Amino acid sequence: MKRISPDQTMNQITIEMRGVSRRYGSQTAVDSVDLILCAGECVGLVGHNGAGKSTMIKMMLGLVTPDSGMVRVLGEDPSAGPAVAARRALGYLPENVALHPSLTGAETLAFYARLKGQPVSKNARLLERVGIENAAHRRVGTYSKGMRQRLGLAQALLGNPRAMLLDEPTSGLDPALRQSFYEIIRELRRDGAAILLSSHALTELEGQVDRVAVMNRGRKVADGGVSDLRKLAALPLRIRFLPDGAGPSDPPSWSQVAGGRLERICAEDEVAAILRGLPESARDIEILRPSLDDLYAAFQKGAA
């Protein structure tokens, strides 16, 4: 398969939402949202239950039409009849995978392959890729939640999709399988696929995504890389070290935490000066910046 370099993916928009709104009766599920996914990019979509994430994914899939605004997948309106090719270029893994318990894993994947117009001959390789080749001929009703999730991922991978929409994709996966899942995501990105990861596992997303879009009550309240979000939130960070003999030059500013370490809370622009003030004997120096969980909480509180 042709590999796509990062330079080639720049400005290659795969999914585009402009000023999109969707209402259900008197309730606004999505309110004037802009979101762009480019080829080779991985974007995290986070927010509380009811924030509008699932409705946005449904509009990308063409299952729901916006009341206002524009949605384009590979340049086409996914809800329009002629956009069959665009819809087939999407892979989708819902949060709760609904699979027929009486079918085997191989039969299930064959069913979805035929629906998507893909050759069944490639299914064995897909089942191996997600790690359930040994259970291919067992009935899905005997699968664990993690196995069902992996089978769902296999159907999402049918046809080498140009965009993957993944809703809580690592639910039910143990740590080893999560690592395997993210390796598959990295492979897809190298091949130029755009990835949207909707997840509550914020700490897990850190280091896996290029950008994070934060939703609150139907509105997008932040969008950027983790470092950009840290600057926007302007949350304090913590510096810790293990003293060995003399302490820092301004001990009242420091407090003792577990393990005999000293800790100071400060702003980003104070870090360099504080580090210069540490004694040469200082050991195990740590700079603890706000996590994605911290940033998410800050943006949710600010939006409220």
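The values are calculated or read from the model by the stated rules, or taken from the named source; none is laboratory data. Keep in mind it's a predicted model, so treat the numbers as computed, not measured. Cβ sites come from the backbone with ideal geometry, for glycine too, and all protein chains shown count toward neighbours.
Tabulated data for the structure shown
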quantity: Sole exception among (1) surrounded by 20 or more Cβ atoms within 10 Å (Cβ to Cβ); (2) in the same structural domain as Ile15 (by TED's automatic domain parsing); (3) of a type in the set (D, E, K, R) for Arg150, by number; calculated: (2)
quantity: Complete set of residues in the range 59-86 that are modelled with pLDDT of 90 or more and either buried (at least 19 other Cβ atoms within 10 Å of the Cβ) or in contact with a helix residue (DSSP H, G or I) (Cβ under 6 Å, 6 or more places away or on another chain) (or both); calculated: Met59, Met60, Gly62, Val64, Pro66, Val71, Val73, Leu74, Glu76, Pro78
quantity: Residues of the range 162-177 satisfying the condition of being in a helix (DSSP H, G or I) and either touching a helix residue (DSSP H, G or I) at 6+ places or on another chain (Cβ under 7 Å) or touching a residue at least 60 places away in the same chain (Cβ under 8 Å) (or both); calculated: Leu177
quantity: Selection within the range 28-64 - part of a strand (DSSP E or B) and either farther than 18 Å from Val221 by Cβ or among the basic types (Lys, Arg) (or both); calculated: Leu37, Cys38, Cys42
quantity: Test for Ser102: is it of a type in the set (S, T, N, Q), closer than 24 Å to Leu153 by Cβ and touching a Gly at 6+ places or on another chain (Cβ under 8 Å); calculated: yes
quantity: Top-ranked residue of the range 253-274 - restricted to ones that are farther than 20 Å from Leu235 by Cβ and in contact with an Asp or Glu (Cβ under 8 Å, 6 or more places away or on another chain), ranked as surrounded by the fewest Cβ atoms within 10 Å (Cβ to Cβ); calculated: Gln256
quantity: Single match in Arg125, Arg87 (criterion: in a helix (DSSP H, G or I), closer than 17 Å to Leu61 by Cα and among the charged types (D, E, K, R)); calculated: Arg87
quantity: Total residues in the range 281-304, condition of a type in the set (Lys, Arg) and either loosely packed, with under 13 Cβ neighbours inside 10 Å or in the same structural domain as Gly207 (by TED's automatic domain parsing) (or both); calculated: 2
quantity: Given (1) farther than 30 Å from Ala222 by Cβ; (2) loosely packed, with under 12 Cβ neighbours inside 10 Å; (3) modelled with pLDDT under 90, index of the condition Leu278 fails; calculated: (2)
quantity: Options Thr9, Thr104: the member that is among the hydroxyl-bearing types (Ser, Thr, Tyr) and at pLDDT 95 or above; calculated: Thr104
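Residue by residue, here is whether (1) over 17 Å from Leu158 (Cα atoms); (2) not assigned by TED's automatic domain parsing to the domain that holds Val30; (3) not hydroxyl-bearing (Ser, Thr, Tyr) holds:
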site: Ala83; (1), (2), (3): yes, no, yes
site: Asn123; (1), (2), (3): no, yes, yes
site: Glu128; (1), (2), (3): no, yes, yes
site: Asn134; (1), (2), (3): yes, yes, yes
site: Ser144; (1), (2), (3): yes, yes, no
